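The values are calculated or read from the model by the stated rules, or taken from the named source; none is laboratory data. Quick caveat: nothing in here was measured; it's all calculated off a predicted structure. Reconstructed Cβ throughout: ideal geometry from the backbone, glycine too, with neighbour counts over all protein chains shown. Ligands, DNA and RNA are excluded from the accessible area calculation, which covers all protein heavy atoms including side chains. Shrake-Rupley method; radii C 1.70, N 1.55, O 1.52, S 1.80 Å.
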Amino acid sequence: MKKLMLILFVITSCILFSDTVVLKDGSQIKGEIQTINSGVLSIKSLVGQIVSYTDIVKEVYFDEQATPTYGVWIEPNEGEWIRIPGKLTKFDGNSGTVLLPDSGTFVFSSREAIKYINFIESSTELDLSQNTSVVPGKTDKLKVTLKNGDTFSAVFSSRLGDIITFIVERGIISIPTNLIEKVIFPENSKYNSLFTLKDGAKIYAKILKFESNSFLIETAIGVIFIDLKMMHNIELLF
């Protein structure tokens, strides 16, 4: 009976205390992250409740399979891990918010969506050029490819300027276009114009109007203005 109780205790501990907090001095705390808010991290450990300021935290592992990287590793859909610059600013033990560069966010509804976070400011150079391609393909949902090569599936929700909001299985991600390399959308005959931009981006679209030397076009990721100065070529597809 005692042996059974010990086994149950070990199993329970593995389930409850699966997070690892690594401090900047190299020390580690095993436990369950309960909250992250206003620069304060609270973790339930075997020795009790521990509260720490995030400015002394280097990184947090929510999944042992995750490897160190800049920003965060997230899993917006089951089986689709992506690495993205950002910082986990709010977490209530299950849901939370990741702030991305240039006013982007990832609001998630399950702790399974977060695999790894790094609180150290990244020195990684990002390609901030606007060269997102929007092209058709054989896919059920939008397939978003980031500039680091990671991909995820999503449903388009809305667009505000250069911020595109997608719906994913585990929340809502609003991501700036300067992090997106390509979006593949299900083949759709209404996008009957191909815009090739000077930076090499290809955008399939429906032309809505032309005024003030700009095209207003409808695409699979929302309505966009394209200035003539950005364009290399337009091909009408019939």
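The modelled label-to-label distance for the pair residue 103/residue 120, using points 7 Å beyond Cα in the direction of Cβ, is 3.2 nm.
In deg cm²/dmol, rounded to 500, what helix-only [θ] at 222 nm does the chain give when every DSSP H run of at least 4 residues adds -39500 (n - 2.57) and the total is split over its residues? Walk me through the numbers on the way to the answer.
Numbers: 1 runs with 15 residues, N = 238.
Roughly -2000 deg cm²/dmol at 222 nm, from the helical runs in the chain.
Taking only the C-alpha atoms of the chain, Rg followed by Dmax gives 21.7, 81 Å. Rolling a 1.4 Å probe over the protein heavy atoms gives the chain an accessible area of 54 Å² per residue. Within a straight-line Cα-Cα reach of under 23 Å, residue 58 can be paired with the following lysines, leaving aside sequence neighbours fewer than 8 residues apart in one chain: 24, 30, 44, 87, 90, 115.
Net charge around residue 50, counting only other residues with Cβ within less than 12 Å of its Cβ (Lys, Arg = +1; Asp, Glu = -1)?
Working: positive: 30, 44; negative: 19, 32.
In short, 0.
Exposed loop sites are taken as GluC sites (Glu not before Pro) in a DSSP loop (any state but H, G, I, E or B) with at most 15 other beta carbon atoms within 10 Å; the longest stretch of the chain without one runs 1-63. Put simply, the amide H of residue 116, placed in the peptide plane, has neighbours under 5 Å in 62, 73, leaving out anything fewer than 5 places away on its chain.
Ignoring ligands, DNA and RNA, what percent of the accessible area of segment 136-237 is carbon or sulfur (1.4 Å)?
Details: 2660 of 5140 Å².
Carbon with sulfur: 52 percent of the solvent-accessible area.
Placing unit charges on each Cβ (+1 for Lys and Arg, -1 for Asp and Glu) gives the chain a dipole about its Cα centre, and among 45, 203, 60 the Cα reaching farthest toward its positive end belongs to 45. The angle separating the long axis of helix 2-16 from the principal Cα axis of greatest extent in the chain is about 30 degrees. Between amide H atoms placed 1.01 Å from N, distances below 5 Å from residue 133 occur with 182, 183, 202, all of them 5 or more places distant or on a separate chain. Evaluated at q = 0.14, 0.15 Å⁻¹, the base-10 log of the normalised Debye intensity for segment 15-121, with identical point scatterers placed on the Cα atoms, takes the values -0.48, -0.55.
With the simple model of a label 7 Å out from the Cα in the direction of the Cβ, residue 192 to residue 35 spans 5.8 nm. Counting only residues at least eight positions apart within a chain, or on another chain, the lysines with an alpha carbon under 20 Å from that of residue 182 are 138, 141, 143, 147, 190, 198, 202, 206.
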